[in-house]
Amino acid sequence: MKAVLFEKFGATPKVADVPDPAPMRHDVVIKLEATGLCRSDWHGWMGHDTDITLPHVPGHELAGIVQAVGKDVRRWQVGDRVTVPFVGGCGHCPECQAGHQQVCHNQFQPGFTHWGSFAEYVSIHHADLNLVALPDAMDFATAASLGCRFATSFRAVVDQGATAGGQWVAVHGCGGVGLSAIMIANAIGANVVAIDIDETKLDFARDLGAVACVNGATTADVPEAVIDITGGGAHVSIDALGSPVTCFNSIQNLRRRGKHVQVGLMLAGHATPQIPMAKVIAHELEILGSHGMQAHRYDVMLAMVQSGKLDPARLVHGKISLAEAPAALMAMDKFQALGATVITSFG
Ligand SMILES: [Zn+2]
Ligand SMILES: [Zn+2]
């Protein structure tokens, strides 16, 4: 099969011919129909992710058709239309047994711990636990965009943030994760404040339901601006970018007993940001993470997509071929498209 392969971190990836994967007992092999490009893929290519061994095939936001099934797989058949969370569980550790596959002790992450989906085929371990069936009406490109940013944002807003209708939600950073969080928080009845340094992204945030916007490039004190707009601070605040500044601001702009949810990755030099811990104590703030979403929680999110309350297709920006993927991957830190780029042709 053809796959995007890199042999050194930071060196130009190539489209190479590599052996087709064959399913082990608990696995399925999926024929890719769509796979999203994500900043996590760029971090992996740069060597920021210690799970990756070389040579490597990136890609984790995938959707496709089951092509082959291992002999112990019970729930899936050749021809099924599926997607997967970017974190798969092992099924045996205490977290998996408690239903928290997103923090499994022995994680399967296509494109990180194993070869990923910038390829014609990808093998997915423990398929009975980790696959999600797609509704018939959902196209593959939309499904691929759920895999990482949208599902993680859904968990951040709904499960970790426990956001209720009428609450104020601040979303710091209006890239793919942030725009997803804005759409989801708006759909469940929250008032959303969007924060970014780019007016074009803030305009799109408004289109997706943000009731107020703060431009961080022209606002001297972002937390004060959010506290002012929300009449005392956000109930839930999300760092959707992942930087020391947005993380600090997201905690600093909370009202008493508010929740900060960290979704944007904090890698390399950003791994240990400053936290206003005196305020965390005095105001009884909660600091939470969101790390993907378990396959068994996708049903509630997919129901909201089917009913039309959520429309993740609005966040798909461009469609490219596998041959165009190496250049697009390398450019990801320079050019952040408005919405996601998805690979939809693999030949
Ligand atoms: Zn596990
Ligand atoms: Zn991703």
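Listed values, structure above:
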read-out	value
The chain - charge dipole about Cα centre, Lys and Arg +1 at Cβ, Asp and Glu -1, debye rounded to 20	360
Whether region 145-207 is rounded, prolate or oblate, judged on the alpha carbon gyration tensor where a/c under 1.5 counts as rounded	oblate
Choice from 234, 331, 323 with maximal GNM fluctuation in the chain (Cα, 10 Å cutoff)	331
Compactness of the chain, expressed as Rg and Dmax over alpha-carbon positions, Å	19.6, 61
Cα gyration tensor, region 1-102 - rounded (a/c under 1.5), prolate or oblate	oblate
Label-point separation in nm, residue 317 to residue 274, each point 7 Å along Cα→Cβ	3.1
Magnitude of the charge dipole, region 191-310, Cβ model with Lys/Arg +1 and Asp/Glu -1, debye to 20	420
In Å, descending, principal axis extents of the Cα set of region 87-164	38, 30, 22
Fluctuation leader among 102, 274, 77 - the chain, Gaussian network, Cα springs under 10 angstrom	274
Among 91, 173, 64: highest mean-square fluctuation, GNM of the chain, C-alpha pairs under 10 Å	91
Mean-position separation - Cα centroids, region 153-192 and region 210-255, in angstrom	13
Overall form of region 230-276 per C-alpha gyration tensor (a/c, 1.5; a/b vs b/c)	prolate
Qualifying lysines (Cα of each under 28 Å from Cα of residue 201; at least 8 residues distant if same chain)	259, 309, 319, 334
Rounded accessible area of residue 243 (nearest 10 Å², 1.4 Å probe)	20
FRET E, pair residue 18, residue 218, Förster distance 56 Å, beta-carbon r, rounded to 0.05	0.70
Estimated dipole of region 1-114 in Debye, rounded to 20 [Cβ of Lys and Arg +1, of Asp and Glu -1, Cα centre]	200
Dipole axis of region 79-204 (+1 Lys, Arg; -1 Asp, Glu on Cβ), positive-most option in 169, 202, 121	169
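The values are calculated or read from the model by the stated rules, or taken from the named source; none is laboratory data. These figures come from a predicted structure and were not determined experimentally. Every residue, glycine among them, receives a Cβ derived from its backbone with ideal geometry; neighbour counts consider all protein chains shown. The accessibility values were calculated without ligands, DNA or RNA, using every heavy atom of the protein model including side chains. Shrake-Rupley method; radii C 1.70, N 1.55, O 1.52, S 1.80 Å.
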